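First up is the structure itself, then whatever we jot down about it.
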Amino acid sequence: MCTYGNGNFPDDFLPDIPIWKIASKYTVRAAISPPFWAPFVDEMYIPDISKILNGCGSCGKPKDENGKALLTCGQCKDQKYCSPECQKAHWKVHKRVSK
């Protein structure tokens, strides 16, 4: 563990607390990094959702095996699938949003 900062505080840190001078030698300053993404440090990740929106809802293929257009969900009329098998495989996820 790093010992830098053990008891080292600016002279004007907590001047209104008389016991601080005694307690400060037992304290440690620590830098804790945030547990979330920091946009000013990392490049923003933007997934390519066109494959998801335009492809099969289960496997992402843009067309079926024969090169034909994708089948449309009969219930919501939005989600597309390349085969009945893909639609069945994706139903547990899709039924939550299908209207």
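Some notes on this structure:
- Taking a straight line from the alpha carbon of K92, these lysines sit under 21 Å away, with near neighbours fewer than eight places off in the same chain left out: K51, K61, K77, K80.
- Sorting 55-67, 8-20, 77-89 by average packing, meaning the other beta carbons within 10 Å per residue, from highest down gives 77-89, 55-67, 8-20.
Bear in mind these aren't lab numbers, they're just calculated from the coordinates by the rules spelled out. Computed from a prediction, not measured in an experiment: that's the story for all the values here. Glycine gets a Cβ as well: all are built from the backbone with ideal geometry, and neighbour counts include every protein chain shown.
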